[in-house]
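The values are calculated or read from the model by the stated rules, or taken from the named source; none is laboratory data. Please read these numbers as outputs of a predicted model, since none were measured by experiment. As a convention, Cβ positions derive from the backbone with ideal geometry for all residues, glycine included, and neighbour counts pool all protein chains shown. For accessibility, only protein heavy atoms count, side chains too; no ligands or nucleic acids. Shrake-Rupley method; radii C 1.70, N 1.55, O 1.52, S 1.80 Å.
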Amino acid sequence: MKTFLAGIGSVFVERFDVQKSAENADELVAAARRGVSLLLFPEGTFRHHAGLLAFRTGAFQVAAQAGIPVVPVGLRGVRSMLRDGTWYVRRSTVSVSFAPPIMPDGSDWNAAVRLRDRVRAEILKRCGEPDLL
């Protein structure tokens, strides 16, 4: 499951049940249209080894359907701070950098894919990790 944050709460988005995933996406689109800021993690997992994985497309589909921009956020040092398979946080320097917002160029699936790829390219520039695609 993937999470998004709204206000001070979090909501889990189903990734494996197609029907539930579609319902969750519709809820996110409605929330975005109401002005709710969404924080999504499109990589969707932790791994022990450094490197930026493929992004899931759901977050970008929501942005395209809602007609809202995505602000790419590069997190550097997070993987070394919280390693997969461990339950303790290591001391590490973490930096956060923001790219300019990117607007979707349409509302269909292809627009979501293009948005995903543009956002991923911006995050890759900022995260300090190799590209695992």
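Table: residues versus (1) touching a Cys at 6+ places or on another chain (Cβ under 8 Å); (2) of a type in the set (A, V, I, L, M, F, W, C); (3) in a strand (DSSP E or B).
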| site | (1), (2), (3) |
| --- | --- |
| Ala31 | no, yes, no |
| Ala50 | no, yes, no |
| Arg79 | no, no, no |
| Val96 | no, yes, yes |
| Arg120 | no, no, no |
Filtering the range 106-133 down to residues that are without any contact (Cβ under 8 Å) to a residue 40 or more places away in the chain and not basic (Lys, Arg), which residue is least open to solvent (accessible area, probe 1.4 Å)?
-> Ala121
What number of residues within the range 88-105 are closer than 27 Å to Val29 by Cβ and either open to solvent by 50 Å² or more (accessible area, probe 1.4 Å) or among the acidic types (Asp, Glu) (or both)?
-> 6
Determine whether the range 73-87 contains at least one residue that is of a type in the set (Val, Ile, Thr), open to solvent by 40 Å² or more (accessible area, probe 1.4 Å) and either under 21 Å from Gly35 (Cα atoms) or in contact (Cβ under 8 Å) with a residue 24 or more places away in the chain (or both).
-> yes
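Listed here are the residues, each with its yes/no results for (1) at pLDDT 85 or above; (2) in contact with a strand residue (DSSP E or B) (Cβ under 9 Å, 6 or more places away or on another chain); (3) more than 25 Å from Phe16 (Cβ to Cβ).
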site: Val36; (1), (2), (3): no, yes, no
site: Glu43; (1), (2), (3): no, yes, no
site: Ser92; (1), (2), (3): no, no, yes
site: Ser97; (1), (2), (3): yes, yes, yes
site: Pro104; (1), (2), (3): yes, yes, yes
site: Asn110; (1), (2), (3): yes, no, no
site: Asp117; (1), (2), (3): yes, no, no
Residues of the range 62-72 classified as open to solvent by 60 Å² or more (accessible area, probe 1.4 Å) and in a helix (DSSP H, G or I), total = 1
Per the list (1) open to solvent by 60 Å² or more (accessible area, probe 1.4 Å); (2) more than 24 Å from Leu132 (Cβ to Cβ), residue check on Ala30 breaks on (1)
